[in-house]
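K.L.:
I have a structure here, written as structure tokens, and I will follow up with some questions on it.
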Amino acid sequence: MQVEWKKQAQREVRAVVIYSVEHFGERTALLFYQKIKMWAERLVIHPELGSPEPLLAGRKRLYRSLIVHEHHKLIYYIDEIRQIVYITDLWDMRREPSRLSKRLK
């Protein structure tokens, strides 16, 4: 398996890291970024590590979520044929849950 980051997920990670640098400092932002990358790398070996995401149930794809930080989870799906884990979003769990399904059309 390999991991591929969708643009939405890349934008969200970038935004959270920038916010973290501004409010918590470079060290904290770097630790946050490294933690996200570590969990993404684990998906290469264990793609079903995350749980099916109930907020995205009934979709064409089975979306999974993996909590990577106190307030954030990675949203992803697995393409078994291509052997790729697509990370589609980094979701702040403090947001209104119904907005998640609107973000991933």
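K.L.:
Using only Cα atoms, find the angle between the long axis of helix 7-24 and the longest principal axis of the chain, and express it within 0 to 90 degrees, rounded to the nearest 10.
P.N.:
20
K.L.:
Farthest toward the dipole's positive end in the chain, which of V21, L31, I75, given Cβ charges of +1 (Lys, Arg) and -1 (Asp, Glu) about the Cα centre?
P.N.:
Farthest towards the positive end: I75.
K.L.:
May I pose another question? Which distance in nm do the two modelled labels at R99 and I67 give, with both placed 7 Å along the Cα-to-Cβ direction?
P.N.:
Taking the two extended label points, one gets 2.0 nm.
K.L.:
Okay, next question. Which angle between 0 and 90 degrees, to the nearest 10, do you get for helix 26-45 versus the longest principal axis of the chain when only C-alpha atoms count?
P.N.:
Its long axis makes an angle of about 20 degrees.
K.L.:
Place a +1 charge on the Cβ of each Lys and Arg in the range 2-100 and a -1 charge on the Cβ of each Asp and Glu, then give the dipole magnitude about the Cα centre in debye, rounded to the nearest 20.
P.N.:
The dipole magnitude comes to about 200 debye.
K.L.:
Would you kindly work out the equivalent ellipsoid of the range 2-100 from its C-alpha gyration tensor and give its semi-axes, the square roots of five times the eigenvalues, largest first in whole Å?
P.N.:
They are 23, 16, 11 Å, listed largest first.
K.L.:
So, in nm, how far is label E80 from label V21 when the simple model puts each one 7 Å beyond its Cα toward the Cβ?
P.N.:
The modelled label-to-label distance comes out at 4.2 nm.
K.L.:
Can you tally the net charge around S65? Count Lys and Arg as +1, Asp and Glu as -1, for every other residue whose Cβ sits under 11 Å from the Cβ of S65.
P.N.:
Taking every other residue near S65 into account, the sum is 0.
K.L.:
Then there is this: Please check which bits of the range 4-29 a label hung off D92 would reach, taking the label as a point 7 Å along Cα-to-C-beta and the cut-off as backbone N under 20 Å.
P.N.:
Under cut-off, by backbone N: 6-29.
K.L.:
How do W91, W5 line up, fewest other C-beta atoms within 10 Å first?
P.N.:
Going from sparsest to densest Cβ surroundings: W5, W91.
Values quoted throughout were computed directly from the atomic coordinates according to the rules given, and no laboratory measurement underlies them. Predicted model, so just to flag it, every value in this text is computed and none were measured. All Cβ positions, glycine included, derive from the backbone under ideal geometry; neighbour counts span all protein chains shown.
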